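Below: the structure, in C-alpha cells.
The values are calculated or read from the model by the stated rules, or taken from the named source; none is laboratory data. Quantities reported herein were computed from a predicted structural model and do not represent experimental measurements. For neighbour counting, all protein chains shown are included, and Cβ atoms are generated from backbone atoms with ideal geometry for every residue, glycine included. Side chains are part of the model used for accessible areas, which takes the heavy atoms of the whole protein and leaves out ligands, DNA and RNA. Shrake-Rupley method; radii C 1.70, N 1.55, O 1.52, S 1.80 Å.
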Amino acid sequence: LTGVLDDCLCDIESIDDFNTFKIFPKIQKLQERDYFRYYKVNLKRPCPFWADDGHCSIKDCHVEPCPESKIPVGIKAGSSNKYSKVANHSKELEDCEQANKLGAVNSTLSNQSKEAFIDWARYDDSQDHFCELDDERSPDAQYVDLLLNPERYTGYKGPSAWRVWNSIYEENCFKPRSVYRPLNPLAPSRGGDDGESFYTWLEGLCLEKRVFYKLISGLHASINLHLCANYLLEETWGKPRWGPNVKEFTRRFDPIETKGEGPRRLKNLYFLYLIELRALSKVAPYFERAVVDLYTGNGHEDAESKALLLDIFRDTKSFHMHFDEKSMFAGDKKGAKSLKEEFRLHFKNISRIMDCVGCDKCRLWGKLTQGLGTALKILFSEKEIQSLPENSPSKGFQLTRQEIVALVNAFGRLSTSIRELQNFKVLLQQTR
C-alpha cells in the first residue's frame, strides 16, 4: 500500500512515518491517563430500528463496568459541586438545574471558571452534534475503564453483525437507486462485479458524499484491523492467548481475496486518519486557553495530561499535508447548508445504530464513533473556535468531557490501526 491518497495531496508513506515516530507513542500515553481512560456509556439503550435479536453470549463480548470507588472524584463529581459559590441563591440554583437538564455541565473546567457555565447553560448546542449522545444521568449509564476493555476479536458475527453494517452502508451512505451493487463489504454475493463499476460511480459523486462513504469504510477497516491484530489465537486451561492473525488479515484485506477492494479499504483508513488529524489541529486553540483544565481532582496529573495533549497538538500542526476541509460544502450557500445538514443527520443516525450492536464490547467501541462525530463538529466550527474568549467558556463552541474522551480515543484507535498495519506488513513478508 503506497502512493498518494484520493481527494487529498498526501501520501501513505508520510502518514506512516508521522504516526510511527510522532503521534503513536504520545497518544498511547495520553489514553492511559485517568481523564481519558474512563468513559461513561449506556450499553442498555434499546435498538431504535428493529426488535432486539439477542445479545452475544460469548464471554469476550462482556464489558466490566467500573465501580464508582475507582473513578477519580473530579470526573464523577455531581452538578452540586460545580456551583458551590452560588448554591444558596435560588435564581442561580434554577440556572444550575437548567444546565443539568441540557447536559451542559463540563468537568473539564477548573473551579474558578465554573460559574461562567451559568451563562453558557442557556445555550443548547445539540444542533451542532453529529452523534446521538448517551444521557449521562441515566441510571443505566456506567463508567467503563477502556484500558481494561480493549477493542479486539470477540467472536461476534453472523446475521446480527451483518444487519448493523448493512444498515450503516445501505441506508445511510449516499447512493442513487441506479446502483444495485451493495455498499456493504460483508454482503454475501455481489455477482460478477469486481467493484470497478462501483468505484467509477463513486468517483462521480460530489466530494462530500464521497468523503462520507470513505469515513464509514475507513472506520470499518480500522475495526477489522483491531480484530485481526488482537485475535484469540488459543485458550488453554482458561488462559487465552491474543495476538495477530495473518490468515484473518489476508481474508479481509488481500487484493485477491477481496476482488481488489482490500487496499481501497485500507486507503480509506488513512483518509479517516487525516480527517481526525485535521480536527485535532483545528481544535488546539480551545485547549490552549488557561481556562480549560483536564480536571480529575489530581492537580499534578491534570497538568501533565494537558501538557501531553498540547504537545500532540503541536505535532498535528507541524504535519504539512493536511486534508483541506474548506473544499467541502463550498458550493452555493443554500445547497451547501442543506447538504451539510443531510451529512450531519446521516452520521447521527449511524451513531444511533450502535445501540443495535448485540455484543457489549463491540457496542462500547462502536459508541466511540462519537469521536468522529466530534471531529466533524470541530471541522465545521472553525470560526467559533477562533473567536473563543480566553478566560471564560464560550456559547458558540463547547465540548463535553464525553466528547473530548471520545475524540482522543477514536484517534488513538486509528493511530493504533496504522501501526498494526506496519506489523502485518512485516509478518506477511516473513510468511512468504
Pairs LYS209/LYS247; LYS214/LYS383; LYS44/LYS70; LYS239/LYS306; LYS29/LYS70; LYS29/LYS317: which exceed 28 Å Cα-Cα?
LYS209/LYS247; LYS239/LYS306
The farthest towards the positive end of the charge dipole of the stretch 260-367, of the residues TRP365, ILE312, PHE347, given +1 on Cβ of Lys and Arg and -1 on Cβ of Asp and Glu, is PHE347
Between VAL4 and VAL73, what's the calculated FRET efficiency when r is the beta-carbon distance and R0 is 60 Å? Round to 0.05.
0.75
Length gained when the stretch GLU235-PHE21 is fully extended (0.36 nm per residue, less Cα-Cα span)
73.6 nm
Using the Karplus curve 6.51 cos²θ - 1.76 cosθ + 1.60 with θ = phi - 60°, work out ³J(HN,Hα) for each residue of the stretch 382-389 in order, rounded to whole Hz, and write x for Gly and Pro.
4, 5, 5, 5, 5, 9, 5, x
Computed from the beta carbon distance with a Förster radius of 25 Å, FRET efficiency for ALA290 and GLU32 to the nearest 0.05 stands at 0.50
Before anything else, pin down the relative contact order of the stretch 246-379: Cα pairs under 8 Å, at least 6 apart, normalised by residue count, whole percent.
23
Given a 1.4 Å probe, how much area per residue of the stretch 257-402 is accessible, in Å²?
37
